[in-house]
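S.K.: Below are the structure tokens for one structure; questions will follow.
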Amino acid sequence: MTAISPNDVLFLLLGAVMILAMHAGFAFLELGTVRKKNQVNALVKILTDFAVSAIAYFFVGYSVAYGVNFLGDVNHISQHSGYELVKFFFLLTFAAAIPAIVSGGIAERAKFHPQSAATFLLVGLVYPFFEGIAWNGHYGVQGWLAANLGAPFHDFAGSVVVHAVGGWIGLAAVLHLGARRGRYSKEGRIAAHPPSSIPFLALGAWILIVGWFGFNVMSAQKIAGISGLVAINSLMAMVGGTLTAMWLGKNDPGFIHNGPLAGLVAVCAGSDIMHPVGALVVGGVAGAMFVWLFTLTQNRWKIDDVLGVWPLHGLCGAWGGVAAGIFGQHLLGGAGGVSLFSQLAGTLGGIAVGFGGGYLVYGLLKHSVGIRLSDEEEFNGADLSIHQITATPERESNW
């Protein structure tokens with residue numbers, strides 16, 4: 001283990017703050033996509049879920065993943081300029097992305113406090129279970145993959161650990177909730193709900209794009225491990241995702257602003273080992289996948305995933321896990337040291353944990369306390385039904 005310097009602490013702290021800012025991106029992306037009567041709820045959910053995530057991860061989840069807790073003497077836990085504490089903060093921002101991802105899928109009809117309970121269980125138990133396997137060698141899985149398939153599962157910044165797991169949890173939640181009221185008719189008609197604010201949607205996308213360079217580059221966790229290759233690969237994947245989504249999405253602004261996010265999701269896993277041209281291809285494929293799969297999900301399969309979190313995070317994240325095993329190979333200009341079979345196995349493992357854990361958590365809550373607003377509450381909107389105020393309230397004086 002290399003020595004830890006105060007510069008490493010600052011490096012990781014800046015990364016944590018950049019990813020913390022990404023949660024504003026999640027909030028505004030959802031706010032701009034949902035109908036006006038649900039905009040306040042989008043903002044409130046993301047902030048509340050982050051707070052619940054912090055409690056769950058501090059007291060339970062971080063110990064599940066890394067076997068470390070911070071309940072000891074303060075002089076002990078703050079050694080090395082508090083590096084371990086800042087590392088917790090950094091990894092918390094990853095963990096809290098799980099409910100932020102799910103939030104977009106369940107928008108407009110989910111109860112508020114049951115979602116907070118789901119967040120606690122997901123961030124405290126489900127997510128760190130797989131995080132510990134992928135990033136801390138739990139249960140000997142990585143050792144087995146290395147011995148039998150040529151290399152351990154490689155996920156540098158979380159295409160599978162964060163995004164695929166979050167996206168497949170989101171699918172489980174959406175399946176338990178069912179579609180929004182009036183979204184699909186018995187005769188097979190589909191009611192479109194266009195975004196309420198393209199400017200806010202775009203703002204959310206831009207905040208996420210900028211923060212993602214902290215998400216990926218700072219995953220080195222120490223200055224000695226920093227690589228400009230990660231930054232350029234992130235850039236190229238973002239560009240590739242934008243252009244293919246623009247082309248296949250026929251200039252639709254919703255697709256254009258989700259395309260770069262699809263590319264960034266997909267490049268996380270192999271951003272440290274791919275050639276920039278490979279990253280461009282990986283991002284381009286992800287942007288195309290999002291347009292195609294979002295349309296299939298909504299129109300043919302009639303899965304009412306409001307922001308398309310399953311296609312964006314669940315499926316593009318899975319593509320990223322597999323793509324690291326393809327474009328990380330020497331043959332395609334990569335750095336090597338990766339096995340396609342290990343990538344397939346790790347990706348399938350992440351999907352199984354995410355969907356299985358998510359289905360269990362939301363199933364338990366559905367049958368115990370209920371997870372869906374009533375028809376009347378949904379019709380009035382989550383803003384008035386839950387928070388008793390709209391995004392742009394107006395009131396005349398009574399005198």
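The values are calculated or read from the model by the stated rules, or taken from the named source; none is laboratory data. Everything quoted here is computed from the prediction, not taken from an experiment. All Cβ positions, glycine included, derive from the backbone under ideal geometry; neighbour counts span all protein chains shown. Protein only, heavy atoms only, side chains kept; ligands, DNA and RNA dropped before computing areas. Shrake-Rupley method; radii C 1.70, N 1.55, O 1.52, S 1.80 Å.
S.K.: Which order do K111, K36, K250 take when ranked by solvent-accessible area (1.4 Å probe, heavy atoms of all protein chains), largest first?
M.R.: Listed by decreasing accessible area, they come as K250, K36, K111.
S.K.: How many nm separate the modelled label positions at Y139 and L10, each set 7 Å beyond the Cα in the direction of the Cβ?
M.R.: In this crude label model, Y139 to L10 measures out at 4.1 nm.
S.K.: Please give the peptides 220-227, 285-292, 266-273 ranked by average Cβ packing (other Cβ atoms within 10 Å per residue), highest first, as a rough proxy for protection. Mind showing how you got there, number by number?
M.R.: Details: 220-227: 16.2, 285-292: 24.9, 266-273: 30.8.
Per-residue mean Cβ counts within 10 Å order the peptides as 266-273, 285-292, 220-227.
S.K.: Starting from the residue with the highest accessible area, list H275, H76, H387 in decreasing order, probe 1.4 Å.
M.R.: Reading off the accessible areas and sorting them downward yields H76, H275, H387.
S.K.: Just list whichever of K36/K250; K87/K111; K45/K250; K111/K250 have alpha carbons separated by over 28 Å in the model shown.
M.R.: From the list (K36/K250; K87/K111; K45/K250; K111/K250), the Cα-Cα distance tops 28 Å for K87/K111; K45/K250; K111/K250.
S.K.: Set the Förster distance to 22 Å, then compute FRET efficiency between N148 and L360 from the Cβ-Cβ distance, nearest 0.05. Please list the in-between numbers first.
M.R.: On the way: r = 29 Å, r/R0 = 1.32.
Calculated value: 0.15.
S.K.: So if R0 is 51 Å, what FRET efficiency would I232 and L125 give, r being the distance between their Cβ atoms, rounded to the nearest 0.05? Numbers along the way, then the final one.
M.R.: On the way: r = 37 Å, r/R0 = 0.72.
E(calc), rounded to 0.05, equals 0.90.
S.K.: So, one more: Would you please classify the overall shape of the stretch 266-373 from the alpha carbon gyration tensor, given that a ≥ b ≥ c denote the square roots of the eigenvalues, rounded means a/c under 1.5, and beyond that prolate means a/b larger than b/c while oblate covers the rest?
M.R.: It comes out oblate by the Cα gyration axes.
S.K.: Any chance you could look up the accessible area of K302 with a 1.4 Å probe, heavy atoms only, rounded to 10 Å²?
M.R.: Accessible area, nearest 10 Å²: 80 Å².
S.K.: With angles folded into 0 to 90 degrees, how steeply does helix 198-217 sit against the dominant principal axis of the chain? Use alpha carbons for both and round to 10.
M.R.: Helix 198-217 sits roughly 20 degrees off the main axis of the chain.
S.K.: What whole number of Å gives the distance from the Cα centroid of the stretch 76-109 to the Cα centroid of the stretch 7-53?
M.R.: When both Cα centres are located, 11 Å separates them.
S.K.: If you don't mind, there's one more thing I want to ask. Using a ≥ b ≥ c from the Cα gyration tensor of the stretch 328-399 (square roots of the eigenvalues), is it rounded, prolate or oblate, where a/c under 1.5 gives rounded and otherwise the larger of a/b and b/c decides, a/b for prolate?
M.R.: Cα axes put the stretch 328-399 in the oblate bin.
S.K.: Label L332 and A192 with points 7 Å out from Cα along Cα→Cβ: what is the distance between them in nm?
M.R.: Spacing of the two 7 Å Cα→Cβ label points: 3.5 nm.
S.K.: Please work out whether the stretch 128-208 counts as rounded, prolate or oblate from its C-alpha gyration tensor, where a ≥ b ≥ c are the square roots of the eigenvalues and a/c under 1.5 means rounded, while otherwise a/b larger than b/c means prolate and anything else oblate?
M.R.: prolate
S.K.: Which value at 222 nm does the chain reach when only helices count, each DSSP H run of 4 or more adding -39,500 (n - 2.57), with the total divided by all residues and rounded to the nearest 500 deg cm²/dmol?
M.R.: Result for the chain: -20000 deg cm²/dmol, rounded to the nearest 500.
S.K.: If you take Cα extents along the principal axes in Å from the coordinates, which of (1) 68, 52, 40; (2) 62, 54, 40; (3) 62, 44, 40 do you get?
M.R.: (1)
S.K.: Report, in whole Å, the centroid distance computed from the Cα atoms of the stretch 321-366 and the stretch 200-236.
M.R.: 20
S.K.: Go through 115-128, 348-361, 55-68 and give me the packing order, highest mean Cβ count within 10 Å leading.
M.R.: 115-128, 348-361, 55-68
S.K.: Still on this model: Averaging sequence separations of C-alpha pairs under 8 Å and six or more residues apart, then dividing by the length of the stretch 216-272, give the relative contact order as a whole percent.
M.R.: 38
S.K.: Moving on to the next point. Per residue, what accessible area does the chain have, given a 1.4 Å probe and all protein chains present, in Å²? Don't skip to the answer; put the middle values down first.
M.R.: On the way: 16380 Å² over 399 residues.
The answer is 41 Å² per residue.
S.K.: Quick check: residue separation of V17 and A224 times 0.36 nm, minus the Cα distance between them. What number comes out in nm?
M.R.: 72.5 nm
S.K.: Where does helix 6-33 land angle-wise versus the long Cα axis of the chain, in degrees 0 to 90, nearest 10?
M.R.: 30
S.K.: Give me the percent of the accessible area of the stretch 107-264 that comes from carbon and sulfur atoms, probe 1.4 Å, all protein chains in place. Write out the running numbers ahead of the final one.
M.R.: Details: 4290 of 6200 Å².
The C+S portion of the solvent-accessible surface of the stretch 107-264 is 69 percent.
S.K.: Taking the 0 to 90 degree range and rounding to the nearest ten, how far is the long axis of helix 276-295 tilted relative to the main principal axis of the chain, both from C-alpha atoms?
M.R.: 30
S.K.: Let me ask another. Once amide H atoms are placed 1.01 Å from N in the peptide plane, what residues at a sequence separation of 5 or more from R372, or on another chain, have their amide H within under 5 Å of its amide H?
M.R.: K111
S.K.: While we're here: FRET efficiency for N380 and R300, Cβ-Cβ distance as r, R0 = 35 Å, nearest 0.05?
M.R.: Step by step, r from the Cβ atoms, then E = 0.70.
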